[in-house]
Amino acid sequence: MSVAELKERHLAATETVNALRERLKQRRLSLLDTDVASYARSQGRTPVTFGPTDLVCCRTLQGHTGKVYSLDWASEKNRIVSASQDGRLIVWNALTSQKTHAIKLPCAWVMTCAFSPTGQSVACGGLDSVCSIFNLNSPTDRDGNLPVSRTLSGHKGYVSSCQFVPDDDTHLITSSGDQTCVLWDITTGLRTSVFGGEFQSGHTSDVLSISINGSNSKLFVSGSCDGTARLWDTRVASRAVQTFHGHEGDVNAVKFFPDGNRFGTGSADGTCRLFDTRTGHQLQKYYQQHDDNDSDTPHVTSIAFSISGRLLFAGYMNGDCYVWDTLLAKVVLNLGSLQNSHEGRISCLGLSADGSALCTGSLDSNLKIWAFGGHRKVV
């Protein structure tokens, strides 16, 4: 068979696949006769309400001299690690605002950071295309710097996100601008599995975010500049389990719902969405109308769920931080409008393990801790 014939057959096959994909999309839309909010309203459900003291800024963590790009809570509620363009990781005591570690990084262009499950180590990655691991119990060198305990090298593009596998300090998953995700064995520094890349079921553009399923750590979801989110099983690295379409821009953030059966996304198209991993359906779209001009719609940069899943926290490029009622798709609070809010874009956010506090990071170089009053910590 000649090259020209092969190209012709490949083109015909691609057209067939695209046609089948469109038919599947239309079939799913025909079956999706309602969304979560419409059903909840039909059942007489009412939105969550917030009083003036239900969520307040109780602390501002000051110490970074550059834009804050990432943060993560330790499994216990009082420690936070943050990564900044000033080239440092800072580990904070969230109760006292004190810094317990200020780690000088090999590369200042850091994009992500994460605590290990035991809280003994932190990881970070960025434009140097590697993931660096620091053991917080290691002695500092003669200059007072904490040495890198392990360097994970292998990505061919920037490291956009990293997360330790729950209950396992020895394995970590990264996402990268090289269109892949990688599962690493930290003890050896080697790649255990690569997700995407040469496989056609992988992402076709930069992977920006990942979230590991808290109920089943073998599963994780990724979001990409190709506008899709994909579900992966670490036991089957060759292809994505499912691909989720719907967004019209980069998927900047993904986060599993507390029950592990659904996950949320935040996108450059200005929307957050809720998907079901069992059916592959989009369950809800969270969108606040801003302007007739779509170019003015602020991008979603980061998301998190409350411990019950009733609230969705979403940070935006314009400095807003909406608290959505996930059931009724209503904004019930905008942290950007409250006293002591950030003065710049919200770049990252995260909820403490017990659900009692939210931390937000911003390009204004500060982090803020928002405390829930009374019953709010269990929402």
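General observations
- Scanning segment 191-244 for residues that are on the phi > 0 side of the Ramachandran plot, touching a His at 6+ places or on another chain (Cβ under 8 Å) and in a loop (DSSP other than H, G, I, E, B) yields one hit, Gly227.
- Members of segment 177-189 found to be over 22 Å from Gly214 (Cα atoms) and surrounded by 15 or more Cβ atoms within 10 Å (Cβ to Cβ), listed by number: Gly177, Asp178, Gln179
- When the test is whether a residue is touching a residue at least 12 places away in the same chain (Cβ under 8 Å), assigned to a loop (DSSP other than H, G, I, E, B) and at negative phi, Ser308 passes it.
- Among residues of segment 83-97 that are under 17 Å from Ser121 (Cβ atoms) and at pLDDT 95 or above, those with a beta-carbon under 9 Å from a residue that is basic (Lys, Arg) and buried (at least 18 other Cβ atoms within 10 Å of the Cβ) at least six positions away or on a different chain give the pairs Val91/Arg79; Trp92/Arg79.
- Pairs, first without any contact (Cβ under 8 Å) to a residue 60 or more places away in the chain and over 15 Å from Ser306 (Cα atoms) in segment 323-343, second β-branched (Val, Ile, Thr) and in a strand (DSSP E or B), C-beta under 9 Å, six or more apart: Asn334/Val323; Gly336/Ile346; His342/Thr360
- Total residues in segment 1-15, condition modelled with pLDDT of 85 or more and among the basic types (Lys, Arg): 1
- Of all the residues in segment 131-174, those that are over 16 Å from Ile212 (Cα atoms) and part of a loop (DSSP other than H, G, I, E, B) number 19.
- Those residues of segment 255-296 which are closer than 16 Å to Tyr322 by Cα and among the hydrophobic types (A, V, I, L, M, F, W, C), in sequence order: Ala268, Cys272, Leu274
- Checked against the criterion of being within 13 Å of Ser222 (Cα to Cα), among the β-branched types (Val, Ile, Thr) and surrounded by 14 or more Cβ atoms within 10 Å (Cβ to Cβ), the candidates Thr192, Thr174 yield just one match: Thr174.
- Any chance Phe305 is touching a Gly at 6+ places or on another chain (Cβ under 8 Å) and of a type in the set (Phe, Trp, Tyr): yes
- Selection within segment 245-254 - surrounded by fewer than 24 Cβ atoms within 10 Å (Cβ to Cβ) and either touching a residue at least 40 places away in the same chain (Cβ under 8 Å) or touching a Leu at 6+ places or on another chain (Cβ under 9 Å) (or both): His245, Gly249, Asp250
- Among the candidates Ser306, Ser267, the residue that is more than 23 Å from Leu32 (Cα to Cα), at pLDDT 95 or above and of a type outside the set (Val, Ile, Thr) is uniquely Ser306.
- Qualifying strands (runs of 3 or more DSSP E) (wholly inside segment 334-373; at least 3 residues being at pLDDT 95 or above, closer than 20 Å to Gln98 by Cα and under 18 Å from the mean Cα position of the chain (by Cα)): 346-351, 357-362
- Among the residues of segment 50-62, at least one is at pLDDT below 90, among the hydroxyl-bearing types (Ser, Thr, Tyr) and closer than 27 Å to Met317 by Cα.
The values are calculated or read from the model by the stated rules, or taken from the named source; none is laboratory data. Given the structure is predicted, the values throughout are model-derived calculations rather than measurements. As a convention, Cβ positions derive from the backbone with ideal geometry for all residues, glycine included, and neighbour counts pool all protein chains shown.
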